[in-house]
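Following: one structure in C-alpha cells, then a few remarks.
The values are calculated or read from the model by the stated rules, or taken from the named source; none is laboratory data. Not measured: the values here are computed from a predicted model. Don't worry about glycine lacking a Cβ; one is built from the backbone with ideal geometry, like all the others, and counts go over all protein chains shown. Surface areas here come from the heavy atoms of the whole protein model, side chains and all, with no ligands, DNA or RNA. Shrake-Rupley method; radii C 1.70, N 1.55, O 1.52, S 1.80 Å.
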Amino acid sequence: MAMEYYRPTTIKEALQLYQQLSYAGKNPAYMSGGTEIVTLSRFHLFQAASLIDLTHIPETRVHDVDGNHLVLGASLTLNEISEKNGFPLLAVTASRVADHTTRNHITLGGNISGKIIYKEAILPLLVSDSLLLIASFEGLKTVPIHAVFHKEPHLSPGEWVVQVLTEKNAVDRPFFSVKKRKIDVIDYPLLTLTAIKVDGKLRVAISGLCDFPFRSVAMEQVLNDPSRPVSARIIEALKVIPGDVRNDWIASAEYRRFVLQTTLEEMYAALGGM
Amino acid sequence: MLHVGSLEKVRLNINGHNRWVTIKASERLIDVLRNRLGYTGCKPGCLNGDCGACTVLVDGVPMKSCMMLAPQVVGKAITTIEGLEGTDVQKAFIEHNAFQCGYCTPGFIMNIEGLLAKHRHADEAIIEDWLQSNICRCTSYQEMKAAIQDVLHKRDQNHEELE
Ligand SMILES: Cc1cc2nc3c(=O)[nH]c(=O)nc-3n(C[C@H](O)[C@H](O)[C@H](O)COP(=O)(O)OP(=O)(O)OC[C@H]3O[C@@H](n4cnc5c(N)ncnc54)[C@H](O)[C@@H]3O)c2cc1C
Ligand code: FES
Ligand code: FES
C-alpha cells in the first residue's frame, strides 16, 4: 500500500497534520519507535496511508523534574529510561522488555499505546497513579492514567500521549518487579508483576496473565486484607483475576495461575506482609 | 517539516557518504540498504526483530534495520559493516575465530562496536545484556566474548602506557 511519512517538530503541527490527512482520506497514524507498526504491517494487521513520526517533537524527549512530578517524554526509548534511572521501578521493568538493541527502538509512548497485549512499561505507571499529558484538538490535557487506560488505551481519534508525569514521592518507593518467562532470557512474559507499597498497602499490576495488563482494585483489596493470613489472601486473589487467564502454546492457564501464586509469595517476601 | 512521499528521492548518510536514493516511505531500512544501495552486509534473518543479523548503527546506536522504516533515518548517520575497516573488534574476531558460517557476524560486530563505544569498561553483565540481542546459530558465543575481552584488555593496556 502507498504510504507517506511526516516528521513534525511541534505538537501543533502533529495535530494539524492528523486533521488534514484525515480530511484528505489519507488514514493517518502516529508513530514512535515503529517496531509494532513494522511488525503488524508484515501480517497486514496495521493499516495507515500516512505516518506521523512524533519522535522529533522536543516535548516528547523530556526527562526532567517539574515541580512535584518526574516528567518523561513519550519518545524516550526504554533504554534511555533505564539508563537515566529517574524512576527505578520503571527503569527495571523496561530493561526486561524485548532485548537491548530492540529497546533502542521501543519508546515509552509506543509501548503503552500499542496493540500488542503485554505493554510491560505501563505496570509501574498504573501502580504509581501516573498522569498522562495528552495532545488533543481541544489542546493539551493532563489526565490520570486510570481515566485513559482500561485494558488498553482509550484515546479519541487524533489524540496522542506527549508525556508521562509521576509524583516524585511515588518514584522512589520500595518496589518489587519480576518478569517470568518460560525458558529463555529474552521472551514475552508468562507473567510480569510489579508492586509498590503505599501507606502500608500493596499496589499490584500484572501483564501476560490475561489478554491485557491490569491493576485490579478487587485483587488489591484481598491482598491487603489484614484479617486473613497471607496464604489465604493469595488464594482469594486468584479468584478475582479480572479476566480469563491466557491458555496458549506457551503455557496453560493452570500453569500461569500457579506462577502467579508463587510470584505473589515472592512479592510478600520482598515487600513484607502485614 | 520532513515529508517523504510514497515514492521519493531522499539523501541518506551512509558510512560518511551522502547517497541519494529513491525509496518508498513504507520500505524498511534493511531493504533500502541491501536492494537499492547494495550494502548487503546487513543480513536478513528473522525479519522480525529477534535475531540481530540486520543490525546497523544509527547515530552510533545499534538498531535492527528490519524494525525501522527507511524515512526514520533521514538526517541521521548510518554505519554498516562496509563502513568498518580493520577495527579492533574485527581483528579480535579473526584472532579468536569468533565465527563459523559468519552469517550473524556483521550484526554482532555492529552491536559490539556500539557497545564498546558507549562503555569503555564494559563489565560481564553489560556485555551479556547487549549480546542477547543477537543470535548465532553456530554458537560462537564464547569466542565472541573472548574477542570482546581482548579488545577491552588491549584498551586498558594502551591507556596505562599512555599514562
Ligand atoms: C523483538 C521484539 C520483542 C518484543 N518484546 C516485548 C516484550 O518483552 N514486552 C513487551 O511489552 N513488548 C514487547 N515487544 C512489543 C513492543 O513492545 C512494541 O512493538 C513496542 O512497545 C511499540 O513501541 P514503539 O515505540 O515501537 O511504537 P510504534 O510501533 O511506533 O507504535 C505502536 C502503536 O502506538 C501508537 N503510538 C505510538 N506512539 C504514540 C504516542 N506517543 N501516543 C499515542 N499513540 C502512540 C502507534 O500509532 C501504534 O498504534 C517486542 C517487540 C519486538 C519487535
Ligand atoms: S533480521 Fe532483523 S532482527 Fe532478524
Ligand atoms: S557464525 Fe554461523 S550463525 Fe553465527
Item to check | region B:93-135, residues that are in contact with a helix residue (DSSP H, G or I) (Cβ under 7 Å, 6 or more places away or on another chain), within 14 Å of ligand 3 (Cβ to nearest atom) and outside any helix (DSSP H, G or I) | outcome: B:His96, B:Asn97, B:Ala98, B:Phe99, B:Ser133, B:Asn134
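Residue check: is A:Thr101 within 16 Å of ligand 2 (Cβ to nearest atom) and polar (S, T, N, Q)? Working first, answer last.
Numbers: within 16 Å of ligand 2 (Cβ to nearest atom): yes; polar (S, T, N, Q): yes.
In short, yes.
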Next on the checklist: For region A:72-100, which positions are farther than 19 Å from A:Thr35 by Cβ and either outside the structural domain of A:Val161 (by TED's automatic domain parsing) or buried (at least 24 other Cβ atoms within 10 Å of the Cβ) (or both)?
Outcome noted: A:Phe87, A:Leu89
Checklist entry - When region B:90-114 is examined, which residues are found to be more than 17 Å from B:Gly52 (Cα to Cα) and β-branched (Val, Ile, Thr)? => result B:Ile94
Checklist entry - Quick check: anything in region B:103-122 modelled with pLDDT of 95 or more, surrounded by fewer than 14 Cβ atoms within 10 Å (Cβ to Cβ) and within 16 Å of ligand 2 (Cβ to nearest atom)? => result no
Checklist entry - Is it fair to say A:Ser207 is in contact with a helix residue (DSSP H, G or I) (Cβ under 9 Å, 6 or more places away or on another chain), on the phi < 0 side of the Ramachandran plot and surrounded by 20 or more Cβ atoms within 10 Å (Cβ to Cβ)? => result yes
Item to check | Residue in region B:31-43 that is away from chain A (no Cβ under 14 Å), aromatic (Phe, Trp, Tyr) and crowded, with 19+ Cβ neighbours inside 10 Å present | outcome: yes
Checklist entry - If you go through region B:47-60, how many residues are over 11 Å from the mean Cα position of the chain (by Cα), open to solvent by less than 50 Å² (accessible area, probe 1.4 Å) and in contact (Cβ under 8 Å) with a residue 60 or more places away in the chain? => result 1
Next on the checklist: Condition (residue is free of Cβ contacts under 8 Å to residues at least 24 places away in the same chain, buried (at least 18 other Cβ atoms within 10 Å of the Cβ) and touching a helix residue (DSSP H, G or I) at 6+ places or on another chain (Cβ under 8 Å)) applied to region A:32-46: is it met by at least one residue?
Outcome noted: yes
Next on the checklist: Scan region A:39-56 and tell me whether some residue there is within 10 Å of chain B (Cβ to nearest Cβ) and within 30 Å of A:Ala195 (Cβ to Cβ).
Outcome noted: yes
Checklist outcome for this item: Those residues of region A:1-19 which are modelled with pLDDT of 95 or more and within 12 Å of chain B (Cβ to nearest Cβ) amount to A:Glu4, A:Tyr5, A:Tyr6, A:Arg7, A:Pro8, A:Thr9, A:Thr10, A:Lys12, A:Glu13, A:Ala14, A:Gln16, A:Leu17
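Would you please name the residue that is surrounded by the most Cβ atoms within 10 Å (Cβ to Cβ), looking only at residues in region B:136-163 that are of a type in the set (A, V, I, L, M, F, W, C) and assigned to a loop (DSSP other than H, G, I, E, B)?
Pass one, region B:136-163, residues of a type in the set (A, V, I, L, M, F, W, C): B:136, B:138, B:144, B:146-148, B:151-152, B:162.
Now narrow it down to the ones that are assigned to a loop (DSSP other than H, G, I, E, B): B:136, B:138.
Details: B:Cys136: 23, B:Cys138: 13.
If we take residues in region B:136-163 being of a type in the set (A, V, I, L, M, F, W, C) and assigned to a loop (DSSP other than H, G, I, E, B), then B:Cys136 is surrounded by the most Cβ atoms within 10 Å (Cβ to Cβ).
Could you run through region B:131-163 and say how many residues are aliphatic (A, V, I, L, M), without any contact (Cβ under 8 Å) to a residue 24 or more places away in the chain and within 24 Å of B:Cys104 (Cβ to Cβ)? Give the steps one after another, and end with the answer.
Taking region B:131-163 as the starting set, the residues that turn out to be aliphatic (A, V, I, L, M) are B:131, B:135, B:144, B:146-148, B:151-152, B:162.
When the remaining residues are screened for being without any contact (Cβ under 8 Å) to a residue 24 or more places away in the chain, the result is B:131, B:162.
Among the residues that remain, those that are also within 24 Å of B:Cys104 (Cβ to Cβ) are: B:131.
The number of residues fulfilling the criteria is 1.
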Next on the checklist: So for region B:32-40 (the condition being at pLDDT 95 or above, more than 16 Å from ligand 3 (Cβ to nearest atom), under 11 Å from B:Pro71 (Cα atoms) and in a loop (DSSP other than H, G, I, E, B)), does at least one residue qualify?
Outcome noted: no
Checklist entry - Can you tell me which residues in region B:6-30 are buried (at least 17 other Cβ atoms within 10 Å of the Cβ), more than 16 Å from ligand 2 (Cβ to nearest atom) and at the interface with chain A (Cβ under 10 Å from one of its Cβ atoms)? => result B:Val10, B:Ile23, B:Lys24, B:Ala25, B:Ser26
